[in-house]
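**Q** Please find one structure pasted underneath; my questions will follow.
Taken together, the values in this text are just the output of simple stated rules run on the coordinates, not laboratory data. Only a predicted model underlies this, so the values are computations on that prediction, with no experimental measurement involved. Virtual Cβ from ideal backbone geometry, glycine too; neighbours counted across all protein chains shown.
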Amino acid sequence: MKFAIISDIHSNLAALQSVLKRAEELKCDDIVCLGDIVGYGPYPNECCKIVQETTKLTVVGNHDHASIGYTDIDYFNKFAKEAIIWTSQVLNENNKEYLKSLPSFLRIENIFCVHASPTTPLEWNYIISLYDAIDNFNSFEEKICFIGHSHVPVAYSYEEIPSYETSEKIQLLDGFRYIINVGSVGQPRDRNPNACFGIYDNDLNLFQLQRVAYDIRATQKAMRNANLPEFLVERLLFGR
Ligand code: ZN
């Protein structure tokens, strides 16, 4: 089975469409979405509809939760907060119900899927170091835990000697377990502005990161038309 693992779309329609096109070209059997479908970007309704129609394997993210009033917006910085308020005003009822229905984690075959961390899925803690990762390995039993949230792709493995992997292609070893951040479709922050997602092939035991160019200017134009914060508009061009 070949899975496309996507995360942090953030209402960026052009990025989502480019990623789904690549997933189709690569003949993925299924799509897994790790949350933050909305927030920051200009197309929350369109992105919710597409994700809902494309896959049943979706977990909720902190921006999704905040946009339906489930997470306190004081937790966010002022730009994120502004975008969440805008999102909550434009989201239609169907999509609000859809976001409310999403689980906080999923177990699919040998993978555990969560937006932020397997230990406390709804506390939105970040895993951004090997030490954070080590604290989380006991919270799932599967071979791999896929996460998003930080918008920076990275992989950690933990056996006798913990290791840190940054390569874009990882041959997953027998007896090893992994926490893999698949990066962000709609707002990458690793200084590469191209949309980012992962492909996991459980027959070949292979994980591969994908980068896809998309029409950034189109997303920026729509953000300006929606009066979303200029800081959020600008950062898309630089991937940070
Ligand atoms: Zn996010």
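**Q** Only residues in the range 150-177 that are over 17 Å from Q208 (Cα atoms) count as the first member; pair them with residues that are β-branched (V, I, T) and outside any loop (DSSP other than H, G, I, E, B), Cβ under 9 angstrom, at least 6 apart or cross-chain, and list the lot.
**A** Close Cβ pairs satisfying both conditions: Y158/I134; Y158/I179; P162/I134.
**Q** Then there's this: Inspect the range 190-201 for any residue being in contact with a Cys (Cβ under 8 Å, 6 or more places away or on another chain), more than 16 Å from the ligand (Cβ to nearest atom) and either within 25 Å of N125 (Cα to Cα) or among the β-branched types (V, I, T) (or both) and give the result as yes or no.
**A** Step one: list which residues in the range 190-201 are in contact with a Cys (Cβ under 8 Å, 6 or more places away or on another chain), which gives 190, 199.
Now restrict to residues that are more than 16 Å from the ligand (Cβ to nearest atom): 199.
Among the residues that remain, those that are also either within 25 Å of N125 (Cα to Cα) or among the β-branched types (V, I, T) (or both) are: 199.
Within the range 190-201 (the criterion being in contact with a Cys (Cβ under 8 Å, 6 or more places away or on another chain), more than 16 Å from the ligand (Cβ to nearest atom) and either within 25 Å of N125 (Cα to Cα) or among the β-branched types (V, I, T) (or both)), the answer is yes, since at least one residue qualifies.
**Q** While we're on this one: Would the range 5-21 turn up any residue that is away from the ligand (no atom under 15 Å from the Cβ), in contact with an Asp or Glu (Cβ under 6 Å, 6 or more places away or on another chain) and of a type outside the set (D, E)?
**A** Scanning the range 5-21, I find at least one residue that is away from the ligand (no atom under 15 Å from the Cβ), in contact with an Asp or Glu (Cβ under 6 Å, 6 or more places away or on another chain) and of a type outside the set (D, E), so the answer is yes.
**Q** So, one more: Can you name every residue in the range 23-76 that is among the acidic types (D, E) and within 16 Å of the ligand (Cβ to nearest atom)? Outline the logic, then answer.
**A** First pass over the range 23-76, keeping only residues among the acidic types (D, E): 24-25, 29-30, 36, 46, 53, 64, 72, 74.
Once the filter is applied, which keeps residues that are among the acidic types (D, E) and within 16 Å of the ligand (Cβ to nearest atom), the range 23-76 yields D36, D64.
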